[in-house]
Structure formats: C-alpha cells, structure tokens
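Chemist: If you scroll down you'll find the structure; I have some questions about it.
The values are calculated or read from the model by the stated rules, or taken from the named source; none is laboratory data. Computed from a predicted model, the values in this text were never measured in an experiment. Cβ coordinates were reconstructed from backbone atoms using ideal geometry, including for glycine residues, and neighbour counts include every protein chain displayed. When the accessible area is computed, the model is the full protein with side chains, heavy atoms only, and any ligands, DNA or RNA have been set aside. Shrake-Rupley method; radii C 1.70, N 1.55, O 1.52, S 1.80 Å.
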Amino acid sequence: MDPLAPTPVDAARLRRLQVVGLACGFTAGAWLGAAEAPTKMVTLGISPVVISLMMVVGVFLARWSLPALLRGTAAIGDDVRQAPHLVVWAVLAGCLWAVANTLTIFAIKDIGLAIAFPLWNSNSLLGIVWGFVFFNELRGAGWARWAGVLGGALVMFAGAGLLATASSTQAPSGHAWRGVAAALAAGVLWGTMYIPYRKAYLTGMNPLSFVTFFSIGELAMMGAIAIGDRGGVVPLVAELGRARDVLFWLLCGGFVWVVGDLFQQYAAKYVGISRGIPLSNTNQLWGLAWGILVFGELKGAGTALPQVIAGSLCMAAGAVAIALATATAGEHRRWQDAARREGTRYGIDPAYTRAALSGEATGAPRGRRRWLDWSIMIAATAVFVGFAMVARVPELAVNGGALVGLVVASLALLGGSGYALWRVTGFN
C-alpha cells in the first residue's frame with residue numbers, strides 16, 4: 001500500500017469538523033465586522049494611513065500573544081521545523097493584508113462603512129476560483145454543491161451591483177467612484193491572500209502558527225506605507241503624538257480583528273476557502289448593523305436605504321448558499337490529493353499533513369508555557385495598558401443600546417464556537 005495515498009477521514013469526524021468550520025465562519029463574521037468600528041475615527045480627521053498602522057500594531061500584538069496563550073511558542077517552533085517554507089508564504093500574505101486594510105479605510109472615508117463592507121467582500125468570488133483552480137475544492141462535489149456555490153456567487157454579484165449603485169448617490173465626500181474602487185481593490189487583495197492560507201493548512205501548519213509570521217509581513221508593509229505616505233519617520237511620529245488619546249481604540253480594533261481572523265482561518269481549514277471566505281463574509285451584515293444602528297449611517301438616505309439593505313441581504317443569502325454546500329467525502333479526498341501534492345513538493349512528513357486535515361495534534365505533546373510565552377503575553381498587555389492610560393472616549397455619536405447588544409451577541413458566538421473548536425480539535 002502506498003504510504004502517501006490519502007486515508008479517508010472517518011465520516012462522523014468529518015461531519016464534526018465541518019460543523020465546527022461553519023460555526024467558526026459565522027463567529028469570524030461577527031468579530032471581523034466589529035473590528036471595523038474603530039475605523040470610523042477617520043471622520044475625526046485622523047489619517048487613514050495612521051488608523052491602519054495602529055490597527056496593524058494591535059494585530060501584531062494579538063497575533064503573538066494569543067498563540068502564545070493557546071498553544072505556546074514551542075508548538076509554533078514544531079510547525080516551522082516541519083514546514084519552514086510556509087513562513088515566507090505567511091509573510092507574503094501579511095503584506096497583502098496590510099495594503100488591503102489601508103484601502104478599506106479610504107473606502108470607508110468616501111462611501112461609509114455600511115456600503116464599503118459588502119463591496120470588499122467580493123473576495124468571496126476570488127476565493128471560489130482559487131479554491132477550485134489550486135486546491136481541488138468542489139471537485140467531486142456533485143451537482144447540488146456546484147449549484148449552491150455558483151448560484152450563491154450570482155446572488156452575491158447582484159447584491160454587489162445594488163450596493164455600488166446606491167453608493168453613487170450616498171458617498172459622504174462626493175467621491176463615490178474612488179471609494180468603490182478602493183473597496184473592490186481591497187477585495188481582490190484579500191481574495192488572493194487566501195492562497196497562502198490554504199497552502200498552509202493543506203500542508204499541516206496550525207492556524208495559530210501561521211498568523212504569527214503573517215503579522216511580520218503586515219507590520220513591515222504597513223510601516224513602509226505609513227512612512228512613505230507621511231513623508232518620513234519624524235512626521236509620522238508627530239502625527240501619532242497628536243492622535244495619542246485615541247490610539248488605544250485602534251489597537252483594540254486590531255485585537256478584535258485577530259480574534260475574527262483566527263476563526264476565519266479555522267473555517268478556511270475545515271470547510272475550504274471556497275466556503276469559508278463567503279461564510280466569514282457575513283461580516284457585511286455586522287458591518288451594516290454597526291454602521292446603521294450604532295453610528296447612524298444612511299440617515300436621510302431616502303430610497304437608497306432599502307437598496308443598501310436589499311443588496312446586503314442579497315450578498316449574505318449568496319454567502320449562506322455557498323456555505324451550506326458542504327464538502328462531501330469524495331471532495332474531501334480531492335483535498336487530500338492536493339495536500340499530498342503540497343507535501344511531496346516540499347518534502348513534508350505525510351503523517352503531519354494527514355493529522356492536520358483531521359484536526360489532530362501534529363507536533364510534540366503540548367507542555368507548560370515557557371518563560372518566552374509569558375514574556376510575550378506580559379509585554380503585549382503592558383502596551384495596551386499604557387495606551388489605555390492616556391486614552392479618551394472619541395467624540396463620535398453612537399447608540400449605546402445597539403452597541404451593547406452587538407457586543408453581547410459577538411461574545412456569545414465567541415464562547416460557543418471557541419468551546420466547540422477546543423472540544424473537537426483542541427485548536428489544532
């Protein structure tokens with residue numbers, strides 16, 4: 001028997017992994033939607049580049065401290081020794097994310113959060129294409145799954161068209177075309193970014209390890225963009241100093257984004273990028289809720305408001321249709337073929353990739369946290385506390401009741417999905 005041949009995953013375990021993947025996708029949507037709320041501070045006159053930079057700093061702190069807390073740096077080291085080539089892919093993905101995130105700030109400035117969100121979520125469509133072309137997703141899925149995915153994609157196109165039309169009359173600054181272009185460009189970059197994600201998870205790297213090195217590319221690229229945009233280090237530092245009393249909230253936005261992204265990573269791992277990305281893109285509804293209910297966007301929008309709501313619901317319905325077209329055992333075997341191909345190309349232990357596809361531990365048994373783990377967590381906490389001590393509440397008009405309701409709902413999803421992920425996979 002060929003030791004490299006795919007070994008079918010037990011049917012009952014495959015169902016559990018797919019349920020967990022779906023739950024992670026919904027939770028990702030809630031937290032990724034909430035993470036964009038601090039970007040509304042662009043309306044206070046803070047530069048979009050400065051906002052993006054500070055969010056990336058928060059992302060960097062979270063991407064190192066959360067993996068240290070949940071798995072420990074020793075487990076991350078095991079993953080790197082097994083698949084060192086994936087560090088390069090993670091850094092590349094981080095660079096793409098930094099540019100895309102900066103574009104979203106410009107989009108929010110020009111067309112608002114409620115409208116921009118679904119436009120950049122066109123990355124779902126690219127996710128379907130890349131998943132099929134590169135990773136054998138949807139191959140062997142059957143006509144019903146194909147109908148769900150392609151039908152959902154067409155519905156999402158229709159929703160995006162409604163939103164783009166509505167944005168042409170509702171842009172806050174009168175630059176609708178610029179905001180639409182920025183949002184769509186961010187969608188292209190984010191859709192392409194998922195290629196390294198899927199390569200990593202088919203090969204066997206744990207999502208908590210991948211995002212750690214992902215953050216290096218994010219911070220390096222965002223730092224270069226910010227220095228270039230502000231005209232040097234000194235002007236950038238001066239602008240950060242002028243905005244120091246609100247930087248804490250931007251750090252928190254980055255931290256919240258990482259929580260959502262971790263769940264999105266597990267969704268991509270267990271249901272594939274052709275399904276995981278659209279499912280996590282239910283963040284468009286959360287973005288709509290934050291924009292309209294909390295920040296009062298689209299007040300006085302008249303006939304455009306129903307169009308925005310219809311477009312968002314259309315895109316969400318398409319995403320749900322795609323997500324519910326769950327992978328069959330036959331399709332999962334095709335995923336294993338893709339994993340085998342990746343493992344052969346880079347000389348990775350087949351047992352490592354097989355265990356990862358089944359959501360099982362892939363390295364040495366997890367031990368106690370080391371001094372390095374505690375040092376990372378303490379340092380990250382100290383940075384957040386330091387910025388919190390000089391923070392003030394931003395002068396933004398918000399609906400307190402809606403804000404509390406959305407926060408409670410997001411925490412409930414976090415608790416439920418996090419517990420399920422731990423019980424079924426142990427965060428593997």
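Chemist: Please verify whether region 229-236 includes one or more residues that are closer than 30 Å to Pro196 by Cα and either of a type outside the set (Ser, Thr, Tyr) or assigned to a helix (DSSP H, G or I) (or both).
Modeler: Yes, region 229-236 contains a residue that is closer than 30 Å to Pro196 by Cα and either of a type outside the set (Ser, Thr, Tyr) or assigned to a helix (DSSP H, G or I) (or both).
Chemist: Give Val259, Val271, Val320, Val237 a once-over and let me know the one that is open to solvent by 10 Å² or more (accessible area, probe 1.4 Å) and closer than 30 Å to Trp143 by Cβ.
Modeler: None of the other options fit; the residue is Val320.
Yes or no, residue by residue, for (1) open to solvent by less than 10 Å² (accessible area, probe 1.4 Å); (2) part of a helix (DSSP H, G or I); (3) not charged (D, E, K, R):
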| residue | (1), (2), (3) |
| --- | --- |
| Phe248 | no, yes, yes |
| Leu279 | yes, yes, yes |
| Arg334 | no, yes, no |
| Arg340 | no, yes, no |
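Chemist: Quick test of your reading of the structure: Thr326 fulfils all but one of (1) out of contact with any Phe, Trp or Tyr (no Cβ under 9 Å at 6 or more places or on another chain); (2) β-branched (Val, Ile, Thr); (3) buried (at least 18 other Cβ atoms within 10 Å of the Cβ); (4) not in a loop (DSSP other than H, G, I, E, B). Name the failing condition by number.
Modeler: For Thr326, the exception is condition (4).
Chemist: Quick one: in region 113-138, of everything that is β-branched (Val, Ile, Thr) and modelled with pLDDT of 75 or more, which residue is surrounded by the most Cβ atoms within 10 Å (Cβ to Cβ)?
Modeler: This residue is Ile128.
Chemist: Name the one entry in Gly253, Gly223, Gly241 that is modelled with pLDDT of 85 or more, touching an Asp or Glu at 6+ places or on another chain (Cβ under 8 Å) and under 20 Å from Phe384 (Cβ atoms).
Modeler: Checking each option against the conditions leaves just Gly253.
Chemist: Can you find, within region 163-184, the residue that is modelled with the lowest pLDDT among those that are among the hydrophobic types (A, V, I, L, M, F, W, C) and either touching a Pro at 6+ places or on another chain (Cβ under 9 Å) or open to solvent by less than 40 Å² (accessible area, probe 1.4 Å) (or both)?
Modeler: Going through the qualifying residues, I end up with Ala171.
Chemist: Now for a different question. I need a count of the residues in region 77-94 that are surrounded by 21 or more Cβ atoms within 10 Å (Cβ to Cβ), of a type in the set (A, V, I, L, M, F, W, C) and at pLDDT 80 or above.
Modeler: Adding up the residues that qualify gives 4.
Chemist: Still on this structure, please answer the following. Given the conditions (1) assigned to a helix (DSSP H, G or I); (2) at pLDDT below 80, which single one is not true for Gln264?
Modeler: Gln264 satisfies every listed condition except (2).
Residue-wise test of (1) over 24 Å from Leu293 (Cβ atoms); (2) among the aromatic types (Phe, Trp, Tyr); (3) more than 20 Å from the chain's Cα centre (by Cα).
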residue: Arg81; (1), (2), (3): yes, no, yes
residue: Trp89; (1), (2), (3): yes, yes, no
residue: Ala93; (1), (2), (3): yes, no, no
residue: Lys109; (1), (2), (3): no, no, yes
residue: Ile115; (1), (2), (3): no, no, no
residue: Leu154; (1), (2), (3): yes, no, yes
